[in-house]
Amino acid sequence: MKERWSQHLCPNFQAALDVLARPWNGMIMESLALKGELRYSELRERLAAVGDRMLAMRLKELEGRGLIERRVSPGPPVKVAYA
């Protein structure tokens, strides 16, 4: 992912725009902010227009940036939730 930076703008502002400009990131983060913690299937229901592959990719990206947290509950069945 190529990031574009300007010396004339605040780096934090530019980083925020870089995240929010990506498709679906804002809607994912809003859904998690409103409900606190959602399982993958709940996120998929709320964001029906997003394909499974795209949703998984965006969740990994946001987790990698430290903006959301992925929680795995052991036991059959394994439950994955995002906050």
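For the chain, applying the loop criterion from DSSP together with a ceiling of 10 other beta carbons within 10 Å to the chymotrypsin sites (Phe, Trp or Tyr not before Pro) yields Trp5.
Placing unit charges on the Cβ atoms of the charged side chains and taking the dipole of the chain about its Cα centre, the candidate lying farthest along the positive direction among Gln7, Leu34, Gly64 is Gly64. Pro23 sits among other residues whose Cβ lies under 15 Å from its own Cβ, and their net charge, with Lys and Arg +1 and Asp and Glu -1, is 0. Across all directions, the average flat footprint of the convex hull enclosing the Cα atoms of the chain is 6.1 nm². List the longest stretch of the chain that has no exposed loop site; here a site is one of the GluC sites (Glu not before Pro) assigned by DSSP to anything other than H, G, I, E or B, with at most 14 other Cβ within 10 Å. Between the exposed loop sites, the longest stretch runs 4-36. With contacts taken as Cα pairs under 8 Å and at least 6 residues apart, the chain reaches a relative contact order of 27 percent.
Under the convention that each Lys and Arg Cβ holds +1 and each Asp and Glu Cβ holds -1, the size of the dipole of the chain around its Cα centre is about 160 debye.
No value in this document is a laboratory result; all are computed from the given coordinates. Please read these numbers as outputs of a predicted model, since none were measured by experiment. Note: ideal-geometry Cβ built from the backbone for every residue, glycine included; neighbour counts use all protein chains shown.
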